Structure formats: C-alpha cells, structure tokens
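Before any comments, here is the structure.
Taken together, the values in this text are just the output of simple stated rules run on the coordinates, not laboratory data. Quick caveat, the model's predicted, so the values are computed rather than measured. Don't worry about glycine lacking a Cβ; one is built from the backbone with ideal geometry, like all the others, and counts go over all protein chains shown.
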Amino acid sequence: MVKQLIGSFRQFTIKQIPRSENKREDALSKLASTCFDHLSKKVLVEVLCQRSIEEQQVNTLTPAGPTWMTPFREYLQRGVLPDDHDEARKIRIKAPSYAMVNGELYKKGFTTPWLKCVDQTKGREMLQEAHSGQVGVYEGAQALTGKVLRMGVYWPTIQQDAMEMTRSCGECQSYASVQENPPVPLHNISNPWPFYQWGIDIVGSFPEAPGKLKYMVVAVD
C-alpha cells in the first residue's frame, strides 16, 4: 500500500522522530484503549468501526525451494529418506538430534533449550542484524555465534557464516587488533647458516667525521 501511494508524489522523505519529541503522538495513539469521558468538548474523537486499508497485515513468507531442513522433515514426519545411500545414512544418524514440534523443526539440546531451525538465508539476515544492526556491537565470529544461538535459532553453517561475515566487515577489519603472532611456526637455524645468504664487513678507516666516526659497517644481501 505504501508503494502504491509513493507513486502519486513527486518526492518524499522519511524522518525518524526522537522518542523525546514523540510524547504527544504516543498519548494520542493510546486514546483508543482509554475512556473518553474525561475529555473536554474541545477534543473531537472519531471512532472508526472498520479498517481503512484492506490489505493483509502479515504476509507469510515461505522458502522458494528445499532447504537443509527438508530431508529431516521428510524423515521425521513421513519416514522418507533421500535416494542417495550416503545422504540417507547421514540423515538417519543425525535425525535423533532433531524433533518436530507443531510443524516446526527444532534442534535438541541436552543442557540448553531447544533451538528453532531456520534456513541459511534467514540465518544470515539474523547474523547481519546481530553483528551490525541496531543492537550490533561488531563482535568476533565466536561471540557472534553464541549471541545468535542464545536467540534460540540454529542452522548447520552458523559458525562458517559468522566467520565470513566478520572477515568481510570493513569496520571489523579497520579497528581490529593487530596480530603480532608470526604467520608460520618459528624454526631453529644453525649459527653459520645466515652467512650463506648475507654478509657483514667493516670498511675503514676514513677521515674522522663528527662524533669521531671513521669506520663503516657494510651489509650485503
């Protein structure tokens, strides 16, 4: 409905009103659930008995195709396994860790509450919101994974998706701590081995320079 109304305007802007400046509108919105007897005659109140917009308030979105949850649902609800022998064996082994509750797939937990399973697209959206949304604090991959799990959702690639998101985040890369660890493990080398690749020699003596300097150290790589 909003998109249809936008077409009738040449231009429009969206402005966020701070909560401190929205007190009168908040009070006006609460009038519908209060009694009007205490209001004076200067306040005109009109009660609408029917909606002015005949559009659905909630649009249910369903996945366009099969997801990683489809084989588990088929097996738990109808006992159907994939045709591939290896895939069927994996589903049969992992299925006891899942359960169907009111048509929804849940991941069982032994010491934690059951987690509602979501598809990867929805999961990445939740990761993005938890990482850099209104409640995001640009946490690392491990902290971000734990934060989303505490929200009560699960999908198999949550850790890999969290790592990819933090690695591709510009703010995280700009303000991350500098890694001082060597990129590869250190190895011991014998004493004469460096001199096979470079050498150091002393050249001089030269006429004294300021500070009584008359020798020069030369290093050849």
Enclosed volume per residue, in Å³, of the convex hull spanned by Cα atoms of the stretch 142-221: 230
Excluding residues on the same chain fewer than 8 positions from Lys23, give the lysines whose Cα lies under 24 Å from its Cα. Lys15, Lys41, Lys42
If you line up the long axis of helix 141-150 against the longest principal axis of the chain, both from Cα atoms, how many degrees apart are they, to the nearest 10? 20
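Using only alpha carbon positions, build the gyration tensor of the stretch 113-189, then give the equivalent ellipsoid semi-axes as the square roots of 5 times its eigenvalues, largest first, whole angstrom. Display every interim value, and only then the final one.
On the way: eigenvalues 166, 49, 21 Å².
Largest first, the stretch 113-189 gives 29, 16, 10 Å.
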How much length is gained if the chain between Leu5 and Ala209 is pulled fully straight, taking 0.36 nm per residue apart and subtracting their Cα-Cα distance, in nm to one decimal? 65.0 nm
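In percent, what relative contact order does the stretch 120-173 have, based on Cα pairs under 8 Å that are 6 or more apart in sequence? The partial results should precede the final answer.
On the way: 43 pairs, mean separation 20.2, N = 54.
In percent, rounded to a whole number, it is 37.
With a 10 Å radius around each residue's Cβ, average the other Cβ atoms per peptide and rank 5-13, 126-134, highest first.
Values: 5-13: 6.8, 126-134: 16.7.
My ranking of the peptides, most packed first, is 126-134, 5-13.
Which percent, to the nearest 5, of DSSP beta bridges fully inside the chain are antiparallel? Mind showing how you got there, number by number?
Values: 13 of 15 bridges.
That works out to approximately 85 percent antiparallel.
What ranking of Val118, Val47, Val80 emerges when the number of other C-beta atoms within 10 Å of each C-beta is taken as an exposure proxy, fewest first? Kindly include the intermediate steps, with their values, before the conclusion.
Working: Val118 23, Val47 6, Val80 12.
So the residues, fewest neighbours to most, are Val47, Val80, Val118.
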Ranked on Cβ counts within 10 Å of their own Cβ, fewest leading, Arg124, Arg24, Arg92 go Arg24, Arg92, Arg124
Pairwise centroid distance, computed over Cα atoms, of the stretch 71-127 with the stretch 146-163, Å: 15
Rounded to the nearest 500 deg cm²/dmol, what is the calculated helix-only ellipticity per residue at 222 nm for the chain, with -39500 (n - 2.57) per DSSP H run of length n ≥ 4? -9000 deg cm²/dmol
Once the Cα gyration tensor of the stretch 66-117 is found, what semi-axes does its equivalent ellipsoid get, as square roots of 5 times the eigenvalues, in whole Å, sorted largest first? 20, 12, 8
Specify the angular offset, from 0 to 90 degrees and rounded to the nearest 10, of the alpha carbon long axis of helix 158-168 from the longest principal axis of the alpha carbons in the chain. 60
Tell me, what does the Kirkwood hydrodynamic radius of the chain come to in angstroms if you use every pair of distinct C-alpha atoms? 26.2
Residue with peak Gaussian network fluctuation, the chain [Cα springs, cutoff 10 Å], from Gly199, Gly103, Gly170: Gly199
Reachable lysines from Lys212, Cα under 29 Å, same-chain residues fewer than 8 places away excluded? none
